[in-house]
Amino acid sequence: MVVTPWRQARPNLPDGPCPFCPGGVEAPEPYDVRHIPNRWPALPDGRHEVILHCPDHDSSFPALGEERTALVVERWSARTAALGARDDVAYVFVFENHGRMIGSTIEHPHSQVMAFGMIPPLPAAELSATSCHLCLDPADDLLVTRRGDWRAAVPDAPSWPYELLISPRGHVADLPAAGRRLRQGLAAILVDALTRMERLLGRDAPYMLWIHQHANDPAAHLHLHLAPALRAPGVARHLAAAELGAGVFFDPVDPRQAAAQWRSA
C-alpha cells in the first residue's frame, strides 16, 4: 500500500479549459505527443508522469490510427527507458484509465507512467513463474486476432468480462528491447483491439489498459491487459465484496463466448 493524502484534494473536474489541450496549463505549446509530470503524483520524486496522446480532446486510439498511435507507443518506450535507468526505480508501469466510470478526471486522451521503487505484487507473481505461458500459442477458441508478430486472446481465467491479453509471439522483456518494428506492430494490434471493443460494447466504452514489462529479468515477457469496464453494452461490471474480500473473481461471460464475440466484432 502507498499512502497519498495529498491526492485527496485533486480536482475531479478541473475548472475552465482542458489543461491537456494546446494552450492549456499543462500544454502551453502545440504538440503531437507530450509527457509531463503528474501534478498530483501517486509516487514522489518525479516518478509519476502523464502522457498526452494527441492535441485533439475528443480523439481515441482508433481515431488516431496506427501511425499516430505508434507515436504514443514510442513515448511509452522512451519514458520506460528513462525512468527505468534511475537508481531508485525497480519497475516501470504504463497504464491508461479511459472514461469517467474508471475514475479518469480529465477526458482528454492520456495515459500514465509510474516508476515504482519495488516490483509490484502482480508483476512479481508473473515473474516468479517457472515457465513462460506467453511463449505458447493460445487455444484457437480463445484467440481473437493476430497482427504480424502480435496476438490478442482472451485469458483462460479472466478477471474481467471481455478482458484481452495482448502479447508478442517472441520472448521480449520490455518496450525498449522490442525495437521500433515490433512497437509499430503493437500500435496496429492496439488499434485493432480497441476498434473491436467499440463495435462490441459501444463507442467510448470505458476500459483499463496496462503493460507488464521488466528489463532486468529473463522471465519477463512483454504484454498488455485490456480490461473493458462493461459486462454488456451500457452495463457496468462492478467489483463487490466477494471479489475484493475473498480475492475470487466471478466472470458472468464465458471466456470462449467472449472470444467469439471479439472475433465477430
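The values are calculated or read from the model by the stated rules, or taken from the named source; none is laboratory data. Note that the coordinates shown come from a computational prediction; the quantities given were computed from them, not determined experimentally. Neighbour counts are summed over all protein chains in view; Cβ atoms, including those assigned to glycine, are modelled from backbone coordinates with ideal geometry. These accessible areas exclude ligands, DNA and RNA; they are computed on the full protein's heavy atoms, side chains included. Shrake-Rupley method; radii C 1.70, N 1.55, O 1.52, S 1.80 Å.
Filtered by the rule that a residue be touching a strand residue (DSSP E or B) at 6+ places or on another chain (Cβ under 7 Å) and farther than 22 Å from V172 by Cβ, region 220-245 gives A227, P228, A229, L230, A236, R237. Scan region 20-32 for residues that are touching a residue at least 40 places away in the same chain (Cβ under 8 Å) and either open to solvent by 20 Å² or more (accessible area, probe 1.4 Å) or over 28 Å from F116 (Cβ atoms) (or both) and the total you get is 1.
The residues in region 109-152 that are closer than 27 Å to L71 by Cβ, among the hydroxyl-bearing types (S, T, Y) and out of contact with any Phe, Trp or Tyr (no Cβ under 7 Å at 6 or more places or on another chain) can be counted, and the count is 1.
Within region 248-265, being within 12 Å of L143 (Cβ to Cβ) and aromatic (F, W, Y) holds for one residue alone: W262.
Can you confirm whether Q213 is under 23 Å from A139 (Cβ atoms) and either over 21 Å from the mean Cα position of the chain (by Cα) or of a type outside the set (G, A, S) (or both)?
Values: under 23 Å from A139 (Cβ atoms): no; either over 21 Å from the mean Cα position of the chain (by Cα) or of a type outside the set (G, A, S) (or both): yes.
When the stated conditions are applied, Q213 does not pass them.
In the set P218, P228, P206, which member is over 20 Å from A258 (Cβ atoms) and of a type outside the set (V, I, T)?
Details: P228 fails: over 20 Å from A258 (Cβ atoms); P206 fails: over 20 Å from A258 (Cβ atoms).
Only one candidate qualifies: P218.
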